[in-house]
Amino acid sequence: MDRSFLEKLGLQITVSEGGVVEASLPLSGGALNPLTRQNIDKVAFTVVGDRLLYVGPPEFVGAQPINLAFITGATRLEDLVLQTLNEHLYQLERRSNELSALGLNPKVDPGTLQLTAELEHPPLRFVITANRAGAFRVLRAFKDGAELTTAGPSFFELSEYRDRKALEDFLFAMFSDIAGGTPHTPLAPTPAPGPEVTVSFSEIALLFEGAALPMRSSLELLAVVRVKGETLRFAAARVQGRVFRGLLAGGRGKLWADRFDLSDFLGIKALVAKVLDVDEAEVEVVEQ
């Protein structure tokens with residue numbers, strides 16, 4: 001993306017030694033975190049292809065990237081950023097009210113503004129979370145107190161459940177093969193669509209087996225990673241040939257950013273384990 005175009009949008013651009021383009025946008029009017037009452041005076045991005053990916057502050061990490069292809073020189077980027085926050089706050093209030101109506105206790109993390117709630121259908125216990133578009137999925141799942149390594153990647157629409165028990169039965173059905181049983185009244189809801197349709201890279205690799213990328217064609221990859229309950233985002237964009245720019249960010253902001261060659265890249269799990277100094281078995285790549 002052309003640097004002068006980014007600067008015309010009000011972005012302050014820096015390029016790391018690894019060639020990763022980072023950008024920050026001062027907010028002239030600021031934005032307020034309604035829970036901490038802290039004013040947000042700047043947001044940070046990394047430029048991945050033609051997208052601005054939020055990497056800070058924590059209130060914005062995980063928000064839908066800004067597609068620069070639809071931005072013009074007359075666009076007030078600050079308005080889009082504030083709209084992102086306001087839409088998320090609206091979803092927090094709406095979904096919190098719906099959870100309360102089901103008899104659940106919604107919790108919002110003050111720093112990250114992540115909405116969660118807990119449900120239980122013995123021997124399973126679930127922690128569900130809503131993304132910034134208001135769609136829910138299982139964030140963590142436990143059996144007899146031990147956390148399961150696989151959570152439910154599929155989103156579901158909360159309003160399709162008439163009461164708490166119906167939702168608990170549905171969640172139990174998702175994990176019935178692990179629990180060793182079937183729910184009393186299983187339901188089959190229609191998954192809620194996200195703001196954009198995504199395609200798994202494994203599906204592409206399967207359907208286009210044997211194909212190759214031209215030397216200079218672009219390729220962008222995004223992955224959601226969970227480590228000890230913390231949700232991170234990994235992004236990579238092809239520079240040329242086998243060289244990529246990579247980024248790892250989470251609620252604490254940017255954790256790693258650099259260029260890498262595919263010959264030296266051992267995989268997302270291995271990278272995250274090295275950056276966070278944890279065992280690779282503790283790293284889980286999940287669908288968003």
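Once the Cβ-Cβ distance between residue 79 and residue 100 is put in as r, and R0 is 35 Å, what FRET efficiency do you end up with, to the nearest 0.05? Result of the calculation: an efficiency of 0.65. Helical runs (DSSP H, four residues minimum) scored at -39500 (n - 2.57) apiece and divided by the length of the chain put the mean residue ellipticity at 222 nm at -6500 deg cm²/dmol. Each residue of region 156-161 was assigned a 3J(HN,Hα) from its phi angle through the Karplus expression (A = 6.51, B = -1.76, C = 1.60, θ = phi - 60°), giving 9, 9, 4, 5, 7, 10 Hz with x at Gly and Pro. Between residue 133 and residue 204, the FRET efficiency estimated from the beta carbon spacing at R0 = 30 angstrom works out to 0.80. Across every pair of non-identical alpha carbons in region 3-89, the mean reciprocal distance, once inverted, gives a Kirkwood radius of 13.3 Å. Convex hull volume per residue, computed on the Cα atoms of region 201-286, equals 101 Å³. For a paramagnetic label modelled at 7 Å from the Cα of residue 72 toward its Cβ, which residues of region 3-38 fall within the zone defined by backbone nitrogen distances under 16 Å? 9, by backbone N distance to the label point.
Show log10 I(q)/I(0) for the chain at q = 0.14, 0.15, 0.16 Å⁻¹, two decimals, from a solvent-free Debye sum over equal Cα scatterers. These q points yield log10 I(q)/I(0) values of -1.14, -1.27, -1.38. For the residues 274, 165, 143, a GNM of the chain with alpha-carbon springs under 10 Å puts the largest fluctuation on 274.
Each residue, residue 240 and residue 211, gets one label point 7 Å from its Cα in the Cβ direction; the gap between the two is 2.4 nm. Which longest run of the chain has no exposed loop site in it, a site being GluC sites (Glu not before Pro) in a DSSP loop with at most 14 other beta carbons within 10 Å, and the site itself not part of the run? It runs 18-156. In a fully extended conformation the segment linking residue 42 and residue 13 would gain 9.1 nm over its present Cα-Cα distance, using 0.36 nm per residue. Look at the dipole of the chain built from charges on Cβ: of 24, 34, 89, the Cα furthest out on the positive end belongs to 24. Considering the zone a paramagnetic label at residue 221 would reach in this model (a point 7 Å from Cα along the Cα-to-Cβ line), which residues of region 254-288 have amide N under 12 Å from it? From region 254-288, the list is 260-271. Loop-located trypsin sites (Lys or Arg not before Pro) across region 1-66 with a Cβ neighbour count of 11 or fewer within 10 Å are 37, with loop assigned by DSSP. Step through the table entries 107/228; 107/165; 165/269; 143/269, compare each Cα-Cα distance with 29 Å, and write down the pairs that go over it. In this structure, 165/269 lie more than 29 Å apart at Cα.
Laboratory data are not the source of any read-out in this text; all were calculated from the coordinates shown. What you are looking at is a predicted structure, and each value in this text was computed from that prediction instead of being measured. Quick reminder, even Gly has a Cβ in these numbers, built from the backbone with ideal geometry, and neighbours come from all protein chains shown.
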